[in-house]
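Let me begin by presenting the structure, written as structure tokens, before commenting on it.
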Amino acid sequence: MALDYFQIISFDSVQVYKYLDIGSGKPTVQERQEIKHFLIDEVEPDYNFTVGDFCKRALKAQEEIFSRKKIPFFVGGTGLYIDSFLQGLSEIPPIREGLREELKKELDEKGVEALYQDLIKVDINFAVRVESTDRQRITRGLEVFRSSGKPLSYFLGKRQGHESKDTLYLGLYEERDILREMIDKRVDFMIKAGFLEEVRSLRSKGYHSKLKSLQSIGYADINNFLDNKISWAEAIEKIKTETKRYAKRQMTWFKRNKKINWFRPKEIYQLKNLVTKWLEV
């Protein structure tokens, strides 16, 4: 399978931010030189990047890739981004005036976990798609429900996107015990690679811990350590635990898509064969 056919569009909600390198697992500079990547290092960490931003920029990237006679290869793990692009965004009704301020106050008083539990009660289909620490998406789900009386997932179901009949879906999975061990090793590698120093550098640049980008898994926990809210050992353990929970939610999300062809990493030969046949059609 020749890589010359493809150029990559990342649909990772953290890799889109500059300077968030180690914690987001960005491809290396060498890897990005070998094959063109889009939507990595796209915005500053204090930019409130939304799914709408992703869809607009991904469409522009796709058009550029097509103009080069290449095939866009979407890679990542933020299901909301790729589904919104391929299936389409919906027209969301206006948010009741003052509701965002109410939810912000509620978030400060009750905490993000309490609001996440509220979201589960009113919109379980959307709740399983977001991280339990994702303040922006949790409050978005609640504000849509409280304004319209209908869950956000209802509106997400009424959309048109850029999927074609030729779109090929590929998914990688691993057995649970092996995956959990892989996550532990990955977090340990990130720590040794300088994850703590990366967060310190972000703070020194003026990017505070309440930013959406720095509330993502790993970054939030290291910020809590630097703010003396938890110990270093607790921070590392929380990163591992939250990553495992997120991996589980990812599988829940993606397994809803019955078009995905699933492979284990060791089945790379079978995966290549499928892609080769797809290219020949």
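A few comments on the model shown:
- Gap separating the Cα centres of the range 181-209 and the range 216-239, nearest whole Å: 10
- Using θ = phi - 60° and Karplus 6.51 cos²θ - 1.76 cosθ + 1.60, couplings along the range 19-26 (whole Hz; Gly, Pro as x): 6, 8, 9, 5, x, 9, x, 4
- Inter-label distance, Gln136 to Lys105: 2.5 nm, where each label sits 7 Å from its Cα along the C-beta direction.
- In summary, the aspartates and glutamates within cross-link reach of Lys240, defined as a Cα separation below 12 angstrom excluding same-chain residues under 8 places away, comprise Glu181, Asp184, Asp188, Asp221.
- Spin-label pair Ile124/Glu163, simplified geometry with 7 Å Cα→Cβ offset, distance in nm: 2.3
- Which of Thr28, Thr133, Thr252 has the fewest Cβ neighbours within 10 Å, and the rest in rising order: Thr28, Thr252, Thr133
- Between amide H atoms placed 1.01 Å from N, distances below 5 Å from Phe263 occur with Gly171, Leu172, Tyr173, all of them 5 or more places distant or on a separate chain.
- Mean separation of Cα contacts under 8 Å, 6 or more apart, over the residue count of the range 99-156: relative contact order %: 34
- Point-to-point label distance, Tyr154-Trp232, nm (Cα→Cβ direction, 7 Å offset): 5.1
- In plain terms, the chain is cut at each of the GluC sites (Glu not before Pro) found in a DSSP loop with at most 13 other Cβ atoms within 10 Å, and the longest leftover piece is 176-281.
- In order along the range 243-260, the Karplus-derived 3J(HN,Hα) couplings, from 6.51 cos²θ - 1.76 cosθ + 1.60 at θ = phi - 60°, round to 5, 5, 5, 5, 4, 5, 5, 4, 5, 4, 5, 5, 5, 6, 8, 6, 7, 6 Hz, and Gly and Pro are given as x.
- Amide H contacts for Ile95 (H built 1.01 Å from N in the peptide plane; partners 5 or more residues away or on another chain; cut-off under 5 Å): none found.
- Relative contact order (%) - criterion: Cα under 8 Å, at least six apart; region: the chain: 22
- Net charge contributed by nearby residues that have their C-beta within less than 9 Å of Arg180 (K/R +1, D/E -1): 0
- 5 angstrom amide H check on Ile35, placed H, neighbours 5+ away: none
- If R0 is 25 Å, the Cβ-Cβ spacing of Arg68 and Glu175 corresponds to a FRET efficiency of close to 0.05.
- Segment Lys60..Arg200, full-extension length gain: 47.0 nm, with 0.36 nm per residue of separation and the alpha-carbon distance subtracted.
- Out-of-range pairs (alpha-carbon distance over 30 Å; input Lys18/Lys266; Lys238/Lys258; Lys70/Lys150; Lys205/Lys255; Lys60/Lys192; Lys150/Lys259): Lys18/Lys266; Lys238/Lys258; Lys70/Lys150; Lys205/Lys255; Lys60/Lys192
- Calculated [θ] (222 nm, deg cm²/dmol) that DSSP helices of n ≥ 4 give over the chain, each run adding -39,500 (n - 2.57): -16000 deg cm²/dmol
- Whole-number D in µm²/s for the chain (Stokes-Einstein; Kirkwood sum over Cα pairs; 25 °C, 0.890 mPa s): 121
- Charge tally in the Cβ shell below 12 Å around Asn223, where Lys, Arg are +1 and Asp, Glu are -1, Asn223 excluded: +2
- Computed from the alpha carbon positions, the gyration tensor of the range 99-156 leads to an equivalent ellipsoid with semi-axes of 17, 13, 8 Å, biggest first.
Each reported figure results from applying straightforward, stated rules to the coordinates on display, with no laboratory input. The shown structure was predicted, so the numbers you read here are calculated from the model rather than taken from an experiment. FYI the Cβ positions are ideal-geometry reconstructions off the backbone, even for glycines, and counts take in every protein chain you see.
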